[in-house]
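Reviewing the structure listed below.
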Amino acid sequence: MKRQNVRKLILIISLLLFPVTIYYFSPAIIIMGALEGIINGSFCVFALMLIGSIFFGRLFCSYLCPMGGLQECTGLINNKTPKLGSRNRIKYVIWVIWMVAVILSFILRKSPLKLDFFYLTDHGISIANIYSYIIYYGIICLVLVPAIIGGKRAFCHYICWMAPFMVIGNRIGRKCRIKRVKLIGDKDLCVGCKQCDKKCPMGIEVSEKVQNHDMHDDECILCGECIDGCPKKAIRYDFK
């Protein structure tokens, strides 16, 4: 459990830093910058997410995402696990609409492209005035409400505009057989207790994947809860 305590501590620190970093995760800031021909910090962060996920999957979601940290806290209110289903596709619809808007914004820009990583921030700090707090608390509510109503990681399941980048990157890494972080399940060690299913915050039937010798799942955030919850150590991290 030491790994999970460290993971959650890092997530809480990331959440505490969210007033500083919020604009670097903003889909709106990318569009605003694109209309002015500016490649900003948010654009760079999302590009890094895509590239990083080729090698590290969705580790960002489980170890660094400030919204993940907020949802860890809401688990104290509603700890049920959302069921995987068609509603998981909502985030992809949101992502496609956003991507179309970004592309059109760059096409319709009236200025040459330039890089400004700290665009619309005050010396790199996102929340620098009282009006910015309206945006900040709006995002907090956008994450809180689904998590309180739907349960663990509900925002990740249904709304998150960052997840599709990492899903795409993870699929690229898998398709190209690139050395990357993944889970390995040992069917012979598994005793069918299904503790891994109960521990998984993303509602994945991990035990079934162990039996099928295929641990891949687009919703897996590689948090390691299934590893630490398995009494027989039938699941482990691997990098190959």
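Within segment 145-163, being assigned to a helix (DSSP H, G or I) and of a type outside the set (A, V, I, L, M, F, W, C) holds for 146, 150, 157, 158. Of all residues in segment 194-222, those satisfying the criterion of being out of contact with any Gly (no Cβ under 9 Å at 6 or more places or on another chain) and within 25 Å of residue 52 (Cβ to Cβ) are 202, 204, 216, 217, 218.
Of the residues in segment 19-34, at least one is in a helix (DSSP H, G or I), under 24 Å from residue 62 (Cβ atoms) and touching a Leu at 6+ places or on another chain (Cβ under 8 Å). Selection of segment 165-215 for residues being in a loop (DSSP other than H, G, I, E, B) and either in contact with a His (Cβ under 8 Å, 6 or more places away or on another chain) or of a type in the set (D, E, K, R) (or both) yields 177, 179, 180, 186, 187, 188, 194, 202, 203, 205, 214.
Each row is one residue, and each column tells you yes or no for (1) on the phi > 0 side of the Ramachandran plot; (2) modelled with pLDDT under 95; (3) in the same structural domain as residue 50 (by TED's automatic domain parsing); (4) not in a helix (DSSP H, G or I).
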{"residue": "98", "(1), (2), (3), (4)": "no, no, yes, no"}
{"residue": "101", "(1), (2), (3), (4)": "no, no, yes, no"}
{"residue": "104", "(1), (2), (3), (4)": "no, no, yes, no"}
{"residue": "111", "(1), (2), (3), (4)": "no, yes, yes, yes"}
{"residue": "127", "(1), (2), (3), (4)": "no, yes, yes, yes"}
{"residue": "133", "(1), (2), (3), (4)": "no, yes, yes, no"}
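When we screen 64, 9 for residues that are within 15 Å of the chain's Cα centre (by Cα), within 27 Å of residue 182 (Cα to Cα) and hydrophobic (A, V, I, L, M, F, W, C), the only hit is 64. Of the listed requirements (1) surrounded by 15 or more Cβ atoms within 10 Å (Cβ to Cβ); (2) out of contact with any Phe, Trp or Tyr (no Cβ under 8 Å at 6 or more places or on another chain); (3) among the β-branched types (Val, Ile, Thr), residue 77 misses just one: (1).
The values are calculated or read from the model by the stated rules, or taken from the named source; none is laboratory data. Just so it is clear, the model here is predicted, and its values are computed rather than measured. Ideal geometry is used to build each Cβ from the backbone, glycine not excepted, and the neighbour counts take in all protein chains shown.
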